[in-house]
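Here is the structure we will look at, set down as structure tokens.
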Amino acid sequence: MRLNLSLKFIIGCCLTLLLALGSTFYVINQRQEELITQQAENEARSVFRQIVLMRKWIADHGGIFVEKLPWLEPTPFVDDPEIIDKQGRRFVRETPAMVTKELSLYAREKGMYWFHITSLKLTNPENAPDDFEKRALLAFEQQNLTERISTETINNQPFLRYIAPLYVEEVCLDCHRQQGYQVGDVRGAISVTLPMSETLAAAAHNRRIMFGAMLLTVFILSGALILMTKRLVLNPVSRLRDSLRQFSQGRSYDAATLPRTGDELEELGRAFAEMADRLGEYHQDLEEKVAAATMDLAVANRQLQASNQQLAALNERKSDFVARASHELRTPLTSISGSLEYLDARFAALPPETADSCQLNELHDFFALIQKNTERLIRMVNTMLDLERIETNTAEAITPATFDLTTVIGETLTTFAQTAQKQQVELYAELPEALPTVADEDRIRQVLTNLLANALRFAPVHSRVSVAAQATEDGVKVTVSDQGPGVEAAIREKIFDKFYKVGNKKGSGLGLAICRSIIGAHGGTMGVGESSTGTGARFFFTIP
């Protein structure tokens, strides 16, 4: 969903204000809670100090006498626990601990707060410490702490608990000397418990008021910002956008719609007007240049078409020339070959008595040499014709059909069996029982014949020439390996060039070139590498 600038700005302003005021509200609220807690702690300290001051005053005066009420009993822990005045009224002496306990009960009944005097060495079992007081007393004795504060929930109501130690003074020894205390020891502690529910409720009320004020401030500021932004920014930007849209659609923009705000937006509008004028001039100039370039391109295209037609005609004439020349060369060479065969046969049939006068042996060798070279020329011409047809992709160059490649390889090996036997070279085949293949059978025979002839030509005596064939995921792969000198890595691509020959071996240099052309016409690949034994050459080809 796309948001326009106004909505984005409103959302941004509201989020920014909410974040800023929310952070401020959070900090103020935390500080307020800290102040409330500190106020309660100070109040608890004041109560503690007041109790300690009262206890000290009572201790300095040796206790206080209060009129004996029915529920009051004299304490057995002091001397002269009871006296009678002249009017016969009975008074009992109360210690600081007893006064503290009675005042605590009185304050608790009034619902204000309560406090409790306690100790680890109890004189009165009613002063036994609870868990909070016990932990605090141990900390006072072991860690020399001066106070301890905690917030607890009692009967689902929050309370602040404050406790501080009571130290033994000289006046305290009258009652507690027998317990082994000395001046300065921790005699016990007084814990003060203050209810926090009303204070926290007031704080929550203040928090709600602050939150409402924050939301109201956000709404007021957001509204003011939106109105000012719409009037000062969004409306001028909208007019500038309309002018840009008109200009982008190829229409003339209305200069009166440009902003007149006397600020950066007006400068932006003037810059747009200048840019639009320059773009109009540039566009007109560019159209003129494009029109001129289009005319030049049309002329160049016509010239290129004419040149292509001339090149096609020249290529056709070149191919026709090669075909005709090959045909014309083959015809007389064939005639020469036939004539030489005839002459050789006639000379061989002459009577022996004329042999010396005619030097038949010399003539016979001469004619044999002529015949051999003539046959070589014929083979070269036939090879050139084959290569021309394959490279030009003529329809009659490749005629695919289904045949058994294993059978074709076996028949080709049979034709070289006698030659291999004369050279004392072993022919070895590693073939599957059947290998159905779709290709031009005659052309594949031609490739195999060339590769086997080359392998026997370079194979040393008492070596092996191996032929292997196998089916692959993409087709079939045939490998012809020998144990000859091999092919150097630097010339493994050059040997497939036309008329390239290695060493002084006989040949026209076209055999491997036509083999690669045949395999390429089938959509396959051909290459050469080292044999698996590390010596000799390994020629391979794949066809799909």
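Determine ³J(HN,Hα), in whole Hz, for all residues of the range 449-463 in sequence, where each value follows from phi through the Karplus function 6.51 cos²θ - 1.76 cosθ + 1.60 and θ = phi - 60°; x replaces Gly and Pro.
Once rounded to whole Hz, the list reads 4, 4, 5, 5, 5, 5, 4, 5, 5, 9, 6, x, 5, 6, 10.
Whole-Hz ³J(HN,Hα) for each residue in the range 481-498, computed from phi via Karplus 6.51 cos²θ - 1.76 cosθ + 1.60 with θ = phi - 60°, x for glycine and proline: what do you get?
10, 10, 10, x, x, x, 10, 5, 4, 5, 10, 5, 9, 5, 5, 8, 6, 5
Between residue 399 and residue 29, what is the label-to-label distance in nm when each label sits 7 Å out along the Cα-to-Cβ direction?
9.7 nm
Along the positive direction of the dipole of the range 396-456 (beta-carbon charges: Lys, Arg +1; Asp, Glu -1; about the Cα centre), which of 437, 398, 452 reaches farthest?
My answer, from the dipole projection, is 452.
So, counting K/R as plus one and D/E as minus one, what does the shell of residues with Cβ under 15 Å around residue 430 add up to? Working shown, then result.
Numbers: positive: 464, 477, 538; negative: 426, 433, 482.
Computed value for this residue: 0.
Amide H of residue 68: which non-local residues (sequence gap of 5 or more, or other chain) have their own amide H closer than 5 Å, using H built in the peptide plane?
90, 91, 92
Multiply the residue separation of residue 89 and residue 411 by 0.36 nm, subtract the distance between their alpha-carbon atoms, and state the gained length in nm to one decimal.
100.8 nm
Going through the cross-link list 101/134; 56/101; 56/86, which pairs have a Cα-Cα distance over 20 Å in this structure?
56/86
Looking at the range 393-544, I'd like the Rg to Rh ratio, where Rg is from alpha-carbon atoms and Rh is Kirkwood's inverse mean 1/r. The partial results should precede the final answer.
On the way: Rg = 14.8 Å, Rh = 15.7 Å.
Rounded to two decimals, Rg over Rh is 0.94.
Ranked highest first by the average count of other Cβ atoms within 10 Å around their residues, in what order do 490-497, 186-193 fall? Before the final figure, lay out the partial values.
Working: 490-497: 13.6, 186-193: 21.9.
In descending order of packing, they fall as 186-193, 490-497.
No lab work stands behind these numbers, since they all come straight from the coordinates. On a predicted model such as this, the values are computed, not experimentally measured, just so you know. So basically every Cβ, Gly included, is an ideal-geometry build from the backbone, and we count neighbours across all protein chains shown.
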